[in-house]
Amino acid sequence: MISAAQMRAARAMLGIDQRTLAEMAGVSLPTIQRMESSKGNVRGVVSTLTKIVDALDAAGIELIGNDQPSQGRGRGVRLKEPPV
């Protein structure tokens, strides 16, 4: 659904810290810290992940999955697939 790197990048693009994201999403700061420190895709309760994705979306962040085109317009950043 969302990777730890996407969460960190989204916060950086918005210029917010972990505490602010937690407040925007209505979740605890330790939840954001735990999610962002994970490797690969973030794991957690689906309702919590949904709150975070919705908060980022409301703030203007479009999360793009693998092999998925961007639906929005404007500038952005996308991770390349690492070389084999």
- Task: Keeping to region 27-54, report how many residues are of a type in the set (Gly, Ala, Ser), surrounded by 13 or more Cβ atoms within 10 Å (Cβ to Cβ) and within 15 Å of Arg8 (Cβ to Cβ).
- Result: 1
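Is it true that Ile61 is in a loop (DSSP other than H, G, I, E, B) and modelled with pLDDT of 85 or more?
Working: in a loop (DSSP other than H, G, I, E, B): yes; modelled with pLDDT of 85 or more: yes.
For Ile61, the condition - in a loop (DSSP other than H, G, I, E, B) and modelled with pLDDT of 85 or more - is met.
The values are calculated or read from the model by the stated rules, or taken from the named source; none is laboratory data. Quick caveat: nothing in here was measured; it's all calculated off a predicted structure. No Cβ is skipped: glycine too gets one built from the backbone with ideal geometry, and neighbour counts run over all protein chains shown.
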